[in-house]
1. For the chain, what Kirkwood radius comes out of the mean inverse Cα-Cα distance, in Å?
2. With a cut-off of 14 Å, note down the residues of region 57-100 whose backbone N falls inside the zone around a label point 7 Å from the Cα of Ser27 toward its beta carbon.
3. If each of Glu5 and Lys49 carries a label point 7 Å out from its Cα toward its Cβ, how far apart are those two points in nm?
4. By how many degrees, between 0 and 90 and to the nearest 10, does the Cα long axis of helix 16-31 differ from the longest principal axis of the chain?
5. Under unit Cβ charges (Lys, Arg +1; Asp, Glu -1), what dipole magnitude, rounded to 20 debye, does region 2-101 have relative to its Cα centre?
6. Within 10 Å of each candidate Cβ there may be at most 12 other Cβ atoms; applying that plus a DSSP loop requirement, which GluC sites (Glu not before Pro) in region 1-102 survive?
7. In region 58-103, what trypsin sites (Lys or Arg not before Pro) fall in a loop by DSSP, with at most 10 other Cβ atoms inside 10 Å?
Amino acid sequence: MRTYELVLILPPGYSEEEQNKLLTKVSKLIETSSDKETKGAEKGRVVKKTSWGKKTFSYPVAKNAEGIYWHLDLELNPETAVNLAKQLKLNEQVLRFLMLKKQ
C-alpha cells in the first residue's frame, strides 16, 4: 500500500454532524471494496484526520467565499486511490479535493 494525503473542502454551512457523516462516508469508501472479487476485503485505511477549520477563499468556489478544510493521511492501493478520486468528483457535498502521493 502507498501513503497519500487528501485535503477536502466542504461547504461553510456544514455542521459538525454533517461533516462527520461525510467523513464517515469517505472512510467507508477507503476501507471496504465494492468489487465482486474482493467484496469486503481491506483496500486502505485512514491513518489520521485533522480539521483545518474554516478558511476564506481568494476567489469564490461554487458560489462560496469560505470552506471547511479537512486533511486526511491515508494508506491505499493505487486502484482504490483512482476509485476514491472518481467518487469525490461526483460527490456534490465536496467543493474541492486534492489527493497527493507521499514520497
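Please treat every number below as a calculation from the coordinates, not as lab data. As the structure is a prediction and not an experimental result, all values here were calculated from the model. Heads up, the Cβs are rebuilt from the backbone with ideal geometry, glycines too, and the neighbour counts pull from every protein chain shown.
1. So the Kirkwood estimate lands at 14.2 Å.
2. 71-75
3. 2.0
4. Roughly 30 degrees, rounded to the nearest 10.
5. Values: 17 positive and 13 negative charges, 32 e Å.
Roughly 160 debye for region 2-101.
6. Details: sites: Glu5, Glu16, Glu17, Glu18, Glu31, Glu37, Glu42, Glu66, Glu75, Glu79, Glu92; in loops: Glu37, Glu92.
The qualifying sites are Glu37, Glu92.
7. Details: sites: Lys63, Lys86, Lys89, Arg96, Lys101, Lys102; in loops: Lys63, Lys102.
When the trypsin sites (Lys or Arg not before Pro) of region 58-103 are filtered for loop state and at most 10 Cβ neighbours within 10 Å, Lys63, Lys102 remain.
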